[in-house]
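Peer 1: Let me begin by handing over the structure; questions about it come next.
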Amino acid sequence: MKKVTFVHGCFWHRHPGCRFAYTPKSNAQFWLNKLEGNTRRDALALAALVALGWQFLIVWECEVCDLPQLTRKLRSFLEADHC
C-alpha cells in the first residue's frame, strides 16, 4: 500500500476546532475566499490520491509539539496494513 503524510498549517488548511484556524478580522472576505479555496483544493487532491490507491495521513501544525503523541500517530499509520 502506498502512503503519504502531509503536514498542514492549521491556519492555511483550516484545522477544524483549532485555535490557530482563525479568520483575520481585517479584509475578512478576502481571507475567507482564500482559505476556503485551500480546503477545496485539499479535498480534491486527497480524493485524487485515494482514487490512485494511496492512503494519507494529515499531521496538523499544532500536533508537532507533542512528540510522543506524534510518534504514536505516525507509527500507527505507517505500520497499519489496510489492504
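Peer 1: Looking at residue 64, is it surrounded by 14 or more Cβ atoms within 10 Å (Cβ to Cβ), at negative phi and touching a residue at least 24 places away in the same chain (Cβ under 8 Å)?
Peer 2: Considered against the rule, which asks whether it is surrounded by 14 or more Cβ atoms within 10 Å (Cβ to Cβ), at negative phi and touching a residue at least 24 places away in the same chain (Cβ under 8 Å), residue 64 comes out as no.
Peer 1: Now, a different point. Restrict the check to the stretch 22-38 and report whether at least one residue is within 18 Å of the chain's Cα centre (by Cα) and under 15 Å from residue 64 (Cβ atoms).
Peer 2: Within the stretch 22-38, not a single residue is within 18 Å of the chain's Cα centre (by Cα) and under 15 Å from residue 64 (Cβ atoms).
Peer 1: Okay, moving on. Consider the stretch 32-55. How many of its residues are surrounded by 13 or more Cβ atoms within 10 Å (Cβ to Cβ) and farther than 25 Å from residue 22 by Cβ?
Peer 2: So the count comes out to 3.
Peer 1: So how many residues does the stretch 12-31 have that are among the polar types (S, T, N, Q) and either closer than 23 Å to residue 63 by Cβ or touching a strand residue (DSSP E or B) at 6+ places or on another chain (Cβ under 8 Å) (or both)? Outline the logic, then answer.
Peer 2: Pass one, the stretch 12-31, residues among the polar types (S, T, N, Q): 23, 26-27, 29.
If we keep only those that are either closer than 23 Å to residue 63 by Cβ or touching a strand residue (DSSP E or B) at 6+ places or on another chain (Cβ under 8 Å) (or both) as well, we get 23.
So the answer is 1.
Peer 1: Let me ask another. Can you work out which of the residues in the stretch 12-31 that are surrounded by 15 or more Cβ atoms within 10 Å (Cβ to Cβ) and free of Cβ contacts under 8 Å to residues at least 12 places away in the same chain is farthest from residue 78 (Cα to Cα)?
Peer 2: Looking at residues that are surrounded by 15 or more Cβ atoms within 10 Å (Cβ to Cβ) and free of Cβ contacts under 8 Å to residues at least 12 places away in the same chain, I get 31.
Values quoted throughout were computed directly from the atomic coordinates according to the rules given, and no laboratory measurement underlies them. Since the model is a prediction, treat every value here as computed from it, not as a measurement. As a convention, Cβ positions derive from the backbone with ideal geometry for all residues, glycine included, and neighbour counts pool all protein chains shown.
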